[in-house]
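Engineer: Mind looking over this structure? Questions follow.
The values are calculated or read from the model by the stated rules, or taken from the named source; none is laboratory data. Note that the structure is a prediction, hence the values are computed from the model and not measured. Glycine also receives a Cβ, built like all others from the backbone with ideal geometry; neighbour counts cover every protein chain displayed. Just so you know, the surface numbers come from the protein's heavy atoms only, side chains and all, with ligands and any DNA or RNA stripped out. Shrake-Rupley method; radii C 1.70, N 1.55, O 1.52, S 1.80 Å.
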Amino acid sequence: TNSYTSYYTLHGNNIQKTNIFDRVTLKKEIGLMSACAIIIGNIIGSGIFISPKGVLEHAGSVGLSLIVWMLGGGICTLGSMCYAELGVTIPKSGGDYSYVTEIFGGLVGFLLLWSAVLIMYPTTLAVIALTFSNYVLQPAFQNCLPPYIATRLLATICILFLTWVNCSSVRWATRIQDVFTVGKLLALALIIVVGLVQICRGHYDALRPSVAFEFSGDPSVGQIALAFLQASFAYSGWNFLNYVTEEVVEPRKNLPRAIYISIPLVTLVYTMTNIAYFSSMTPEELLASNAVAVTFGEKLLGIFSWVMPISVALSTFGGINGYLFTSSRLCFSGAREGHLPYLLAMIHLKNCTPIPALLVCCIATIIILCIGETHNLINYVSFINYLSYGVTIAGLLYLRKKRPHLHRPIKVNMLIPISYLIFWAVLLCFSLYSEPVVCGLGMVIMLTGVPVYFIGVHWKNKPKWIYRVVERVTYMGQKLCFVVFPQEDPSETEPLTASKVND
């Protein structure tokens, strides 16, 4: 990697290697507030407006569905505490990928990276962008669905605009995240306040204990597990701050603080939002609705019912920005480790943003948008998402045993990762039992990365013409994007390196 670094950074117009490495590095512009906004903004997307139906359907009763929402937040808290320890122990951007690569080696890390870059994040971005465009266009097409081409075109424009913002400035991207996170919370606060007013007026029949635990059918462990999976979709994104650790101001302080503030807040908001839904909608009405928040607004807000679709659109807009911001850092981290082309590990000379990685995420998302069947792809890779959580937290236990003297500013109780892994294993087993084809296809997608790893990464003695082509493409990419390799922050990596020597 170092030879490539020297070669490419010396090719810029009148750029000297010494000056570049003195000036160019990822900017630390993510303070505590922005860190909380990244976590909250990535968790609160379209999930809370869609998942209540799935949770209630599988839980079978209002009371059990509310318990699932609260416990789902508790499980995310356990996982985020484990990620807080990993984030300050291995202070690298890239999240799960960086930790797994550091602990288990290149192949396991590459498989997570391969599945995420190839399908998981582009597909998730495409689905969120389509949700945004559907809600924006819905007022113009009240009696029918918005046209296929119109939704794709608006989704593409949204992706391109936010990619430009993220390429231009880290500060702009984080400010957009801050503003739209506040907007999301205000929209949910409106739902909660209206719901509480309804409860104060005596409209809480569905929430009475005698009614809330009336099951529509016999509850089973499998159905409860599926209810947790539905809730987990709404909570996904709780680990995204770990993808941008190197851009967080004082990460050893602000990373855990942001996690401890954000996850309980989201859990409280989600639970109160569902209580508000049930204050105005019967379980049957909620199950019949494809857009719970919109149905809620139509019943209670009257002429102001348009506020709900606009709120959902704003929520998804902020979600797209958050996913672009974090997923591009995953590409950046993978390239820096040598698992992706080195061009993706470069940042703009003046703006200090990973432009090549952002462009790859943007192009991959637009391709998925053109394919169309994004929801099926999400089903195939959701299994991989849960698998990566478990592998990463299992890595924490392995690291405790393998390198006990490693400096750990945060050290969680062993019962926390063990409890999370037990719950994770139960969910995974029931996922395999309930959806064997979907989970099997998810594994196939991941395992296609094995030959790619051995040919592209492990095979060192490639023909010289391959290296010449890579060098030429990288040089052209540098000139086009005006990017160079960043300088690593030695203050963040020295403790980890020193611990390796001591161990």
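Engineer: When you look at Val249, is it in contact with an Asp or Glu (Cβ under 8 Å, 6 or more places away or on another chain), open to solvent by 10 Å² or more (accessible area, probe 1.4 Å) and more than 28 Å from Asn385 (Cα to Cα), yes or no?
Structural biologist: no
Engineer: Report whether or not Thr448 is out of contact with any strand residue (DSSP E or B) (no Cβ under 7 Å at 6 or more places or on another chain) and not small (Gly, Ala, Ser).
Structural biologist: Judged against the criteria, Thr448 is a match.
Engineer: Among the residues of segment 150-181, which ones are more than 19 Å from Leu125 (Cβ to Cβ) and open to solvent by 70 Å² or more (accessible area, probe 1.4 Å)?
Structural biologist: Of everything in segment 150-181, those that are more than 19 Å from Leu125 (Cβ to Cβ) and open to solvent by 70 Å² or more (accessible area, probe 1.4 Å) turn out to be Arg171, Arg175, Val179.
Engineer: Could you give every pair whose Cβ atoms fall below 9 Å, whose first residue belongs to segment 307-325 and is open to solvent by 10 Å² or more (accessible area, probe 1.4 Å), and whose second residue is not in a helix (DSSP H, G or I), counting only separations of at least 6 or pairs across chains?
Structural biologist: Val307/Leu301; Pro309/Ala291; Tyr323/Gly45; Tyr323/Gly237
Engineer: Considering only segment 199-208, state which residues are surrounded by fewer than 21 Cβ atoms within 10 Å (Cβ to Cβ) and in a helix (DSSP H, G or I).
Structural biologist: Listed by number, the residues that qualify are Ile199, Cys200, Asp205, Leu207.
Engineer: Considering (1) more than 17 Å from Lys299 (Cβ to Cβ); (2) in a helix (DSSP H, G or I); (3) open to solvent by 60 Å² or more (accessible area, probe 1.4 Å), say which one Leu196 fails and leave the rest.
Structural biologist: (1)
Engineer: Pull up segment 295-306, narrow it to residues that are free of Cβ contacts under 8 Å to residues at least 40 places away in the same chain and assigned to a helix (DSSP H, G or I), then point me to the one that is surrounded by the most Cβ atoms within 10 Å (Cβ to Cβ).
Structural biologist: Here the answer is Gly297.
One line per residue, one yes/no per condition, for (1) open to solvent by 30 Å² or more (accessible area, probe 1.4 Å); (2) at pLDDT below 80:
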{"residue": "Val244", "(1), (2)": "no, yes"}
{"residue": "Arg257", "(1), (2)": "yes, no"}
{"residue": "Met272", "(1), (2)": "yes, no"}
{"residue": "Leu286", "(1), (2)": "no, no"}
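Engineer: For segment 54-71, how many residues are under 18 Å from Ala425 (Cα atoms) and open to solvent by 10 Å² or more (accessible area, probe 1.4 Å)?
Structural biologist: 1
Engineer: Filter segment 221-267 for residues that are of a type in the set (Asp, Glu) and closer than 18 Å to Leu188 by Cα and give the result.
Structural biologist: none
Engineer: Also, I was wondering about something else. Taking the condition of being in contact (Cβ under 8 Å) with a residue 24 or more places away in the chain and over 19 Å from the mean Cα position of the chain (by Cα), how many residues in segment 168-182 meet it?
Structural biologist: Residues that pass the stated criteria total 3.
Engineer: Shifting gears a bit: Any chance segment 72-80 includes a residue that's free of Cβ contacts under 8 Å to residues at least 24 places away in the same chain and either farther than 29 Å from Lys253 by Cα or of a type in the set (Gly, Ala, Ser) (or both)?
Structural biologist: No.
Engineer: Could you list, ordered by first residue, the pairs with Cβ atoms under 8 Å in which the first is in segment 228-246 and more than 15 Å from Ser80 (Cβ to Cβ) and the second is assigned to a loop (DSSP other than H, G, I, E, B) and among the acidic types (Asp, Glu), at least 6 apart or interchain?
Structural biologist: Short answer, once both residue conditions are applied: Glu246/Asp489.
Engineer: Please return the ranges of helices (runs of 4 or more DSSP H) entirely within segment 80-147 where 3 or more residues are closer than 20 Å to Ile416 by Cβ.
Structural biologist: The helices (runs of 4 or more DSSP H) meeting that bar are 96-104.
Engineer: Taking segment 414-433 on its own, how many of its residues are open to solvent by 60 Å² or more (accessible area, probe 1.4 Å) and at pLDDT 90 or above?
Structural biologist: Total satisfying the criteria: 4.
Engineer: Only one of these conditions is not met by Ile263: (1) open to solvent by 40 Å² or more (accessible area, probe 1.4 Å); (2) under 18 Å from Ser51 (Cβ atoms). Which number is it?
Structural biologist: (1)
Engineer: So for segment 447-462 (the condition being within 30 Å of His58 (Cβ to Cβ), part of a helix (DSSP H, G or I) and among the aliphatic types (A, V, I, L, M)), does at least one residue qualify?
Structural biologist: yes
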